[in-house]
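**Student:** Below: one structure in structure tokens.
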Number of protein chains: 2
Amino acid sequence: MTARQPRSVRVVGTGLVGTSVGLALCSQGVDVTLFDPSPSAVALARDLGAGRIEPNAAADLVVVAAPPDVVADVVAAELAARPDAVVTDVASVKSLPLKRLRAMGVDVSRYVGGHPLAGRERSGAVAARADLFAGRPWVLTPTEETSEPALQMVRWMAGTLGATVSVMDAVEHDEAVAVISHVPQVAASLVAARLRSAPESAVALAGQGVRDVTRIAASDPHLWTQILAGNAGAVARALHALRDDLDSVLAAVDALGAQPDDALGARATVAGLVAAGNEGHARIPGKHGSAPTVYVAVPVIVPDRPGELARLLRDVGDAGVNLEDLRIEHSEGRPMGLAEIDVLPAAAQTLVGALRERGWTVHA
Amino acid sequence: MTARQPRSVRVVGTGLVGTSVGLALCSQGVDVTLFDPSPSAVALARDLGAGRIEPNAAADLVVVAAPPDVVADVVAAELAARPDAVVTDVASVKSLPLKRLRAMGVDVSRYVGGHPLAGRERSGAVAARADLFAGRPWVLTPTEETSEPALQMVRWMAGTLGATVSVMDAVEHDEAVAVISHVPQVAASLVAARLRSAPESAVALAGQGVRDVTRIAASDPHLWTQILAGNAGAVARALHALRDDLDSVLAAVDALGAQPDDALGARATVAGLVAAGNEGHARIPGKHGSAPTVYVAVPVIVPDRPGELARLLRDVGDAGVNLEDLRIEHSEGRPMGLAEIDVLPAAAQTLVGALRERGWTVHA
């Protein structure tokens, strides 16, 4: 046991993230105590194996997993009640809680802001998993006053939970998540909101593009209001920049609508936006944070009968090649689908041969 | 052979869609001739089995698969050169080509506008597939002058290619694709464009959300400029409505940034947008055009070693349950991934039991 490792951890708030932290630390042999204002929530987390219930336990480390809009108050209370404990939180915005702590006059030398980027579509303790953080980014946002041992303790925890830890300041974090998470959420909601009034015949034409763009539009309005309000400054900056781009495109599209055969500059504006999107999209890292690897997609026709997809997966397994990814494209109203199996270029021929030998229609 | 079925089909333009039409019709025993202004493109399509090369062939039906901005000229030329042929096209915008045909004084009784919603990320004849249209929507946009036999012939073709045919007028079509396809494209490009100037540390935080929202931002700027310019009126209407929503949210976020503890109306505006997105998203049809079915996602931990995913797929196959969908969630920098296998609720327990028996860690 190193000096950085806490002997005991108190988890405050037993939703998805808090319960997952408890599960993961318990599996590492750490003594975890749980608290939640809801007695039924904390009992469920205990039953799932996330720790012991002890409302006022002492602890070396406190993990505050409370909703964003109360996190500063809870952190302040924990720091005050446990004068030797290190306190961290998991809120997805970081500047505002820190600002509030400072406004309350709280000494933040034992506080380390944190944000594991590990949400799921599902929420609550039932969706918790000990491996929720495995391979996910976990940003820590220490201040100048934050003590090195406090930072090391939280870094130990995030690392033990399997996360990839990075350190940045709170403002830098909030600007980053505004662009990488909050603006995409707003854009998905804006596009999906347009579908409300679309005729049935239009919605019936939905393909994979609009499905992907709007998938996260199914997110919880209450949680997202807290997140967007909690990061309002950075979100506003990014959204204003997006609106400036939108205004340019709108002016171009308006001009093209009025004078379809003229407005050459307008075409350049539209092409410029799509090209800018190409560039931005290309910056998103691939698997394992590396540059995107080029895989070969092997498309296989799958009759939509019980057992056919299972049979394909078994045959793919028997072929013994390493799959990188797999997408299933559902067909609408026809008795077939299409599975696209991504493999390294060198493995594609083996897979194609093995599948054809077993009677599959492979388009490669 | 019914009266509606053409004995010979001429395909003009041997890119992805034209070549796929040729492949599919040849496999149905229809005599297909190919033409493309590029000799190498038409030779490739012929070699792939999409039809014979005959630049000035007679035909009962002509399929114009030319780029959107030249489609009206090509349709007009084909109608003039083949006084008995039915002519259809596959352009993704429908009002503007029709308007141009009318402006040229063309009799459109033998013209049936068409749009198969069957694009792929890849383009060109090499990506062509005889089943490209299987289960995909194919919209036909006849005018009042369009003859019934002409419509029936094109309907026969789209149906023979496995598409789900719907009929609407050109304006209705363009309004529909503006909302379901063109606005999502612009939104994806706008979000991705923000990533260009984001610091490396921000882009490293990219998760599945931003990946999904921006996937189609990788699309071809040249093609999309033609599409957006060709449907400028409808796209502008939908984008203006989106900008109105964006302006409301921006005003709310600005207010929250200035007065984080006040601005209650602002929170309601933000929550209202996310809720509107929930509603719009829920209208997107599920598999087979039906209402979305609720499946159970069975999450399985997959060590990132060669053969592990293949072994899982084989074990899933052996369990004999029918898979509805499968997602693979890659981890960043850690030696494990997560496969989520969607099955009907009744099948979940069987699958979980079978996988656990074979040593898999299943979180269900």
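The values are calculated or read from the model by the stated rules, or taken from the named source; none is laboratory data. Note that the structure is predicted; figures quoted are calculated from it, not measured. Glycine gets a Cβ as well: all are built from the backbone with ideal geometry, and neighbour counts include every protein chain shown. Just so you know, the surface numbers come from the protein's heavy atoms only, side chains and all, with ligands and any DNA or RNA stripped out. Shrake-Rupley method; radii C 1.70, N 1.55, O 1.52, S 1.80 Å.
**Student:** Does A:ALA187 satisfy the condition of being facing chain B (nearest Cβ under 7 Å), without any contact (Cβ under 8 Å) to a residue 60 or more places away in the chain and surrounded by 24 or more Cβ atoms within 10 Å (Cβ to Cβ)?
**Tutor:** Answer is yes for this residue.
**Student:** In addition: Could you please give the count of residues in segment B:257-288 that are more than 7 Å from every other protein chain (Cβ to nearest Cβ) and of a type in the set (A, V, I, L, M, F, W, C)?
**Tutor:** 6
**Student:** Could I ask something else about it? Which residue is surrounded by the fewest Cβ atoms within 10 Å (Cβ to Cβ), if the candidates are limited to segment A:238-275 and must be under 11 Å from B:LEU190 (Cβ atoms) and in contact (Cβ under 8 Å) with a residue 12 or more places away in the chain?
**Tutor:** A:SER248
**Student:** Please indicate, with yes or no, whether at least one residue in segment B:173-183 is open to solvent by less than 30 Å² (accessible area, probe 1.4 Å), more than 9 Å from chain A (Cβ to nearest Cβ) and charged (D, E, K, R).
**Tutor:** Within segment B:173-183 (the criterion being open to solvent by less than 30 Å² (accessible area, probe 1.4 Å), more than 9 Å from chain A (Cβ to nearest Cβ) and charged (D, E, K, R)), the answer is yes, since at least one residue qualifies.
**Student:** Search segment A:126-147 for residues being within 23 Å of A:GLY51 (Cβ to Cβ) and free of Cβ contacts under 8 Å to residues at least 60 places away in the same chain, and hand back the single one that is nearest to the other protein chains (Cβ to nearest Cβ).
**Tutor:** Of the residues in segment A:126-147, the ones within 23 Å of A:GLY51 (Cβ to Cβ) are A:126-134, A:136, A:138, A:140.
Checking the rest, the ones that are also free of Cβ contacts under 8 Å to residues at least 60 places away in the same chain come to A:134, A:136, A:138, A:140.
Numbers: A:ALA134: 5, A:ARG136: 7, A:TRP138: 10, A:LEU140: 12 Å.
That would be A:ALA134.
**Student:** Sticking with this structure for a sec: Is one or more of the residues making up segment A:298-308 modelled with pLDDT under 75 and facing chain B (nearest Cβ under 7 Å)? Let's see the steps before the verdict.
**Tutor:** Step one: of segment A:298-308, the residues modelled with pLDDT under 75 are A:304-307.
Subsequent filtering for residues that are facing chain B (nearest Cβ under 7 Å) retains A:306-307.
So far as segment A:298-308 goes, yes, one or more of its residues are modelled with pLDDT under 75 and facing chain B (nearest Cβ under 7 Å).
**Student:** Kindly indicate whether A:ALA193 is in contact with a helix residue (DSSP H, G or I) (Cβ under 9 Å, 6 or more places away or on another chain) and surrounded by 24 or more Cβ atoms within 10 Å (Cβ to Cβ).
**Tutor:** For A:ALA193, the condition - in contact with a helix residue (DSSP H, G or I) (Cβ under 9 Å, 6 or more places away or on another chain) and surrounded by 24 or more Cβ atoms within 10 Å (Cβ to Cβ) - is met.
**Student:** Quick check on segment A:162-171: of everything there that is without any contact (Cβ under 8 Å) to a residue 60 or more places away in the chain and touching a Pro at 6+ places or on another chain (Cβ under 7 Å), which residue is surrounded by the most Cβ atoms within 10 Å (Cβ to Cβ)?
**Tutor:** If we take residues in segment A:162-171 being without any contact (Cβ under 8 Å) to a residue 60 or more places away in the chain and touching a Pro at 6+ places or on another chain (Cβ under 7 Å), then A:ALA163 is surrounded by the most Cβ atoms within 10 Å (Cβ to Cβ).
**Student:** Counting only residues that are surrounded by fewer than 24 Cβ atoms within 10 Å (Cβ to Cβ) and facing another protein chain (nearest Cβ under 7 Å), which one in segment A:225-237 is nearest to B:VAL213 (Cα to Cα)?
**Tutor:** Once the filter is applied, the top-ranked residue is A:ALA236.
**Student:** Okay, moving on. Any idea which residue in segment B:59-114 is most open to solvent (accessible area, probe 1.4 Å), counting only those that are under 24 Å from the mean Cα position of the chain (by Cα) and among the acidic types (Asp, Glu)?
**Tutor:** Filtering first and then ranking leaves B:ASP69.
**Student:** Something else now. Test A:ALA24 against the criterion of being over 27 Å from the mean Cα position of the chain (by Cα) and crowded, with 18+ Cβ neighbours inside 10 Å, and give yes or no.
**Tutor:** no
**Student:** Same structure again: For segment A:21-124, give me every one of the strands (runs of 3 or more DSSP E) that falls completely inside it and has 2 or more residues that are in contact with a Phe, Trp or Tyr (Cβ under 7 Å, 6 or more places away or on another chain), under 29 Å from A:ARG215 (Cβ atoms) and in contact (Cβ under 8 Å) with a residue 40 or more places away in the chain.
**Tutor:** So the answer is A:111-116.
**Student:** Okay, moving on. How many residues does segment B:302-318 contain that are open to solvent by less than 20 Å² (accessible area, probe 1.4 Å) and not in a helix (DSSP H, G or I)?
**Tutor:** Residues in segment B:302-318 being open to solvent by less than 20 Å² (accessible area, probe 1.4 Å) and not in a helix (DSSP H, G or I): 1 in total.
**Student:** Step by step: first the residues of segment A:202-221, then only those that are open to solvent by 40 Å² or more (accessible area, probe 1.4 Å) and at the interface with chain B (Cβ under 7 Å from one of its Cβ atoms), then the one that is farthest from the chain's Cα centre (by Cα). Which residue is that?
**Tutor:** Here the residue is A:ALA204.
**Student:** Would you mind stating whether A:GLY159 is without any contact (Cβ under 8 Å) to a residue 12 or more places away in the chain and either part of a helix (DSSP H, G or I) or within 10 Å of another protein chain (Cβ to nearest Cβ) (or both)?
**Tutor:** Spelling it out, A:GLY159 is indeed without any contact (Cβ under 8 Å) to a residue 12 or more places away in the chain and either part of a helix (DSSP H, G or I) or within 10 Å of another protein chain (Cβ to nearest Cβ) (or both).
**Student:** Considering only segment A:7-18, I want to know if a residue exists there that is farther than 28 Å from A:LYS99 by Cα and surrounded by 24 or more Cβ atoms within 10 Å (Cβ to Cβ).
**Tutor:** There is no residue in segment A:7-18 that is farther than 28 Å from A:LYS99 by Cα and surrounded by 24 or more Cβ atoms within 10 Å (Cβ to Cβ).
**Student:** If you don't mind, there's one more thing I want to ask. Starting from residues that are open to solvent by 20 Å² or more (accessible area, probe 1.4 Å) and touching a strand residue (DSSP E or B) at 6+ places or on another chain (Cβ under 8 Å), keep the ones in segment B:348-364 and report whichever is modelled with the lowest pLDDT.
**Tutor:** In this case the residue turns out to be B:ALA364.
**Student:** For A:ARG196, only one of the following conditions fails: (1) out of contact with any Gly (no Cβ under 6 Å at 6 or more places or on another chain); (2) at the interface with chain B (Cβ under 7 Å from one of its Cβ atoms). What is its number?
**Tutor:** Status for A:ARG196: all satisfied but (1).
**Student:** Let me ask you something else. Given the conditions (1) out of contact with any His (no Cβ under 8 Å at 6 or more places or on another chain); (2) free of Cβ contacts under 8 Å to residues at least 24 places away in the same chain, which single one is not true for A:LEU195?
**Tutor:** (1)
**Student:** Could you grab me the full set of residues in segment A:125-151 that are outside any loop (DSSP other than H, G, I, E, B) and open to solvent by 40 Å² or more (accessible area, probe 1.4 Å)?
**Tutor:** Step one: list which residues in segment A:125-151 are outside any loop (DSSP other than H, G, I, E, B), which gives A:125-127, A:137-141, A:148-151.
Listed by number, the residues that qualify are A:VAL126, A:GLU148, A:PRO149.
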